[in-house]
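Undergrad: Attaching a single structure in structure tokens format; questions to follow.
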Amino acid sequence: MALVSSLRTRVFLASALVAVLSLAFALQFVTGRVAAQAEAELRRGLVESAERVAQDHAARLEQLRLVAQLVADLPKLKAAVETSDPPTVEPVAADYLGRVGADGLVVTDAAGRSLAAVGSAPVAPARDAPPVAFKDEGRAVLEVVTVPISIGLDPPEVLGWLSLTERLDQAAAVRLRAQTGSELAFALGGRVVTSTLSPHDALAPALQGDDVVRVVVADNEYVAVRRRLGEGSLSALILRSRSERLAFLRTFRTALLVAGAVAVLMAILLSYAVARTVTGPLTDLTTAMRAVTATGDLSHRIPPGGPWEDEDARLLASSFNSLTESLARFQREAALRERLSALGRLSTVVAHEVRNPLMIIKAALRSLRRDGATGEEAREAAGDIGHEVDRLERIVRDVLDFARPVQPEWARCDLGALCREAAEAALAGDGPVEARLALDDAPRDMVTDGERLRTALVNILANAREAVRSREGTPPSPALQLRARRLDGGRVAIQVEDRGIGIPPEALPHVFEPYFSTRRAGSGLGLAIAKNIVESLGGTIGVESRAAEGTSVTIELPLEPAPARLEA
């Protein structure tokens, strides 16, 4: 009892015992999990390879059947078969065999008499032959696909029969092994015909069922699974070497044991060192740290210790209290700065987005103030003012709802007219920019949210205009170009190109991020809002740019939105 009466001894013994038991459990747990994971990965890879082999065979068999049907429907072959003359049919059959890439091709007349048999190991079809048959050739399985050669429709007249054959031999198994990373064997009628492994007899136990089983071939343990190929008696065995895949476990266990022994020794030494220097203050310190970590409450403090508290522990507690206090103060200041920054960004966004509508309203008011303005002009100016006021309301709503999904209002519109309106709105004001509109191929009838698309185009064109104005010297002509054209697949492309200052390569990946801008006066929301709008309309948007050369923004949209998007 005297041995464990000391706190230092109890801490040491407890720490050492915990370290040893933890390491032992960790070693056992890790080795067990790694072994189980390796087994699971091995079986999962085996099943995936088996499914791939079955799918590959089904696809190849279907391709062979389709090719056979296509060849049987060729007029040249039908004409040759109608002659019932083998010398006439044979060159035609040989020509088609070279084109389809099968191993053999056989043609018979309606009575079953052979008219042509070309290629390797051809099998003459019978009148009542099944569509797909298999033949054991000793070291290969011959797949035979038979289709009728007929003319007419109701009812068709059978002129003869055509068979295409394909060999499943060791070469086919080697090809599938390269594709799946697994050993392959083909079996017919309960017998292994060919395999990438030898001897074949060792694979017989794997033919008893469709579950994953273990077999031993040449002192090497494999896991194997059988998959039936088609509806006949043909099946494939897919095998992976368990011995090779799990060989690393022996080295892994040895390395873990060595590392565990070293870790146990270090844990014992460390436990002794900790037991000599750490006492009560450690509990207070760890409790405070856990509380801060779990709750994030930085107001938690370590209480002052007694007169016998270790000087290092007291310094550590004091440093911890100072650190948490500094972090709490930093959090408060950061939150205040973020609120002020958000307020400034929001003000910039609102000012940026309402500028264009205000310019149009200003122009309309000038028309109203002009002497001699007619009633028609006044009504038109008032309509423009009302329209732009509505736009301002929508812009403010879009800014406030920026983080929420856009709900489009679908309607038919003239894309060319919409692009012209966007260009007029974006390029109005002082310092006009030379612009070219190529809208002759723009569709006049598409279903989209015209007002939102117009807002996106205005943002993009306004960015292009500012990029051109920021360029030193006279930009190449035209300084800005807006194009719209139809694309294949029921889509339309809208492209805005400028010859402005361009975007630096390091900034290009961030152009669609909110509040990111390369201009001092930029809001950083123009392209972000445009991206949200385009994606809500079922389209995509991309940017290409070269610094000092210009920028190209391309939008692709569907002419008709998907029904699911309309319902949403």
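Undergrad: Please report the Cα spread of the range 206-271 along all three principal axes, rounded to whole Å, starting with the longest.
TA: If we take the Cα atoms of the range 206-271, the spans are 69, 24, 14 Å.
Undergrad: Can you check what the net charge comes to around Ser120, using other residues whose Cβ is under 12 Å from the Cβ of Ser120 (Lys, Arg +1; Asp, Glu -1)?
TA: Numbers: positive: Arg167; negative: Asp103, Glu137, Glu166, Asp169.
Summing Lys/Arg as +1 and Asp/Glu as -1 gives -3.
Undergrad: Quantify, in whole percent, the carbon and sulfur part of the accessible surface of the range 463-515 (1.4 Å probe; protein heavy atoms only).
TA: Details: 1320 of 2740 Å².
Summing carbon and sulfur atoms, their accessible area is 48 percent of the total for the range 463-515.
Undergrad: Between Thr83 and Ser198, with labels modelled 7 Å along Cα→Cβ, what's the label distance in nm to one decimal, could you check?
TA: With each label point 7 Å from Cα toward Cβ, the separation is 4.6 nm.
Undergrad: How large, in percent, is the carbon and sulfur part of the accessible surface of the range 155-281 at a probe radius of 1.4 Å?
TA: Values: 3710 of 6470 Å².
For the range 155-281, the apolar C and S fraction of the accessible surface comes to 57 percent.
Undergrad: Here is a further query. Rg and Dmax of the range 105-220, using alpha carbons, in Å: what are they?
TA: Here Rg and the maximum Cα pair distance are 18.4, 62 Å.
Undergrad: In whole Å, what three semi-axes, largest first, describe the equivalent ellipsoid of the range 40-91 built from its Cα gyration tensor (square root of 5 times each eigenvalue)?
TA: Details: eigenvalues 368, 17, 5 Å².
In descending order the semi-axes read 43, 9, 5 Å.
Undergrad: On alpha-carbon atoms, Rg over Rh for the range 155-274 using Kirkwood Rh? Walk me through the intermediate numbers first.
TA: Working: Rg = 24.5 Å, Rh = 18.0 Å.
Here the Rg-to-Rh quotient is 1.36.
Undergrad: Then there's this: How compact and how long is the range 140-208, expressed as Rg and Dmax of its alpha-carbon atoms in Å?
TA: Taking only Cα atoms of the range 140-208, I get Rg and Dmax of 17.9, 54 Å.
Undergrad: Rounded to the nearest Å, what's the spacing between the alpha carbon centres of the range 52-77 and the range 154-186? Just the number, please.
TA: 9
Undergrad: Let me ask another. Cα atoms only, the range 426-507: Rg and Dmax in Å?
TA: Cα only, the range 426-507: 14.2, 42 Å (Rg, Dmax).
Undergrad: Students often get this wrong: which residues of the range 57-98 have the backbone nitrogen under 11 Å from the point 7 angstrom along Cα-to-C-beta of Leu153?
TA: What the label zone holds, given the 11 Å backbone N cut-off, is no residue at all.
The values are calculated or read from the model by the stated rules, or taken from the named source; none is laboratory data. The model shown is predicted, which means the values in this text are computed figures rather than measured ones. As a convention, Cβ positions derive from the backbone with ideal geometry for all residues, glycine included, and neighbour counts pool all protein chains shown. With ligands, DNA and RNA removed, areas are computed over all heavy atoms of the protein, side chains included. Shrake-Rupley method; radii C 1.70, N 1.55, O 1.52, S 1.80 Å.
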